[in-house]
Every structure is written in structure tokens, then in C-alpha cells.
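Structure record follows, encoded as C-alpha cells.
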Amino acid sequence: NGGTPHDHTKGKKIGDQFPEHQNGYDHFYLFPQQLYDASIATQPPRTAAASLNSTNLLSELLSSKPAENPEVELWSEKSGYKVAFSSNQGGVQCYTANFQSGAGTRKKIHGGSAEGDGYPKEACVYLEFHDPLSAFLHPQNGIDSLLTSDEIYHNYVKLNFGFKPPARG
């Protein structure tokens, strides 16, 4: 997707280059195969039920070591807050709240008021980490998401929070 609105490899503001005629993002992005392979090498999404007693699925997840290659990073130029996501899933569904109307309620800490104003269009982004839907129909992606009766599903998303001083202007 190089050079298209779907190229997020170099980082950009959410809202810059929204896909034409779509008013935002509501797309599934498949992670590069080498990132997926690295994540499942230590945290496989499928584990044999018989090996569960000898398998430690939490040690890496509970470590304070940040992911070497997070699949997704979000940061705010205004606050300086940064969050990096890593997962053993094959991709992420990204939705930019394209159709919110501003009606509803919003917490006071988020700038809401007693009048019941809500979040405006594109005020947030939602990320859902999972394997591609119907992955079994697309074996060329290298993702087999069907479980057998003797397997346990192991899905994780790890978040690492950081701070990057905001640019003052």
C-alpha cells in the first residue's frame, strides 16, 4: 500500500489522507509476515491443551520489556502520550469513528458538559486486534485460525505507554 492512504509505515496524523470517498478508516490491516512470525514464535495463538501445564503463556507478556517491533504506535503531538501495541494476531481493524454525530454524553474530564455534548466525528480511533476474518479461506496469508478440539486459543495485545515531549509552537 505504499504511497496510498493506507500506507502507515512512516507514521502520519490520523485524518491525513483519509481514503477517498470514505470519510475515515474502517479497514483491516494485515501485519507484515515477518512481524507476525516473530510474535507467534514466543506466543503462539494456538496451544495444545495437553501442553498447557508445561507452557508459560504469561512470562513474556508480564515483563516490563517493551516490544522490539510493535505492530501499531499511536501518539499525541498535543499531550506527548504515546502507546505502542504488540500482539500475536495477524492484523488490526482500525476504525476512526467516522459517523459519530457529537450527540450523547461525554465525561467532564474529556471536555464534556451537563448539556450532554458527545464526541465529534473522528474524535477517537478504535483498534481491534485479530486474525483476518475467514483466514482459512486465504491460506496464502500464512495464518491458520481454525482450532482443533485439543487446542486452546491464546490471544494477547500488549500495550507499552511512553511519553514524547510535545512540540511547542
Are there any trypsin sites (Lys or Arg not before Pro) in the stretch 44-86 that are in a DSSP loop and have at most 16 other Cβ atoms within 10 Å? List them by number.
Lys78
Given springs between every Cα pair under 10 Å in a Gaussian network model of the chain, which of Pro44, Pro32, Pro70 has the largest fluctuation?
Pro32
0 to 90° range, to nearest 10: angle between helix 33-42 axis and the chain longest Cα axis
60
Explain nothing, just the number: relative contact order of the stretch 40-169, from Cα pairs under 8 Å at least 6 residues apart, as a whole percent.
34
Helix-only [θ] at 222 nm, the chain, -39500 (n - 2.57) per DSSP H run of 4+, per residue, nearest 500, equals -2000 deg cm²/dmol
Which of (i) 1.22; (ii) 2.20; (iii) 0.96 is the computed Cα Rg over 2.2 N^0.38 Å? It is (i)
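Filter the GluC sites (Glu not before Pro) in the stretch 44-95 down to the DSSP loop ones having no more than 15 other Cβ atoms within 10 Å, then list what survives.
Those that pass, being in a loop and sparsely packed, are Glu68, Glu77.
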Determine the percent antiparallel among the DSSP beta bridges restricted to the chain, to the nearest 5.
100
Is there a pair in Lys10/Lys158; Lys10/Lys108; Lys65/Lys107; Lys12/Lys158 whose C-alpha atoms are over 27 Å apart, and which pairs would that be?
Lys10/Lys108; Lys65/Lys107
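Each value in this text was obtained by applying a stated rule to the coordinates, not by laboratory testing. Please read all numbers here as calculations on a predicted model, not as lab measurements. Every residue, glycine as well, gets a Cβ built from its backbone with ideal geometry; the counts of neighbours run over all protein chains shown.
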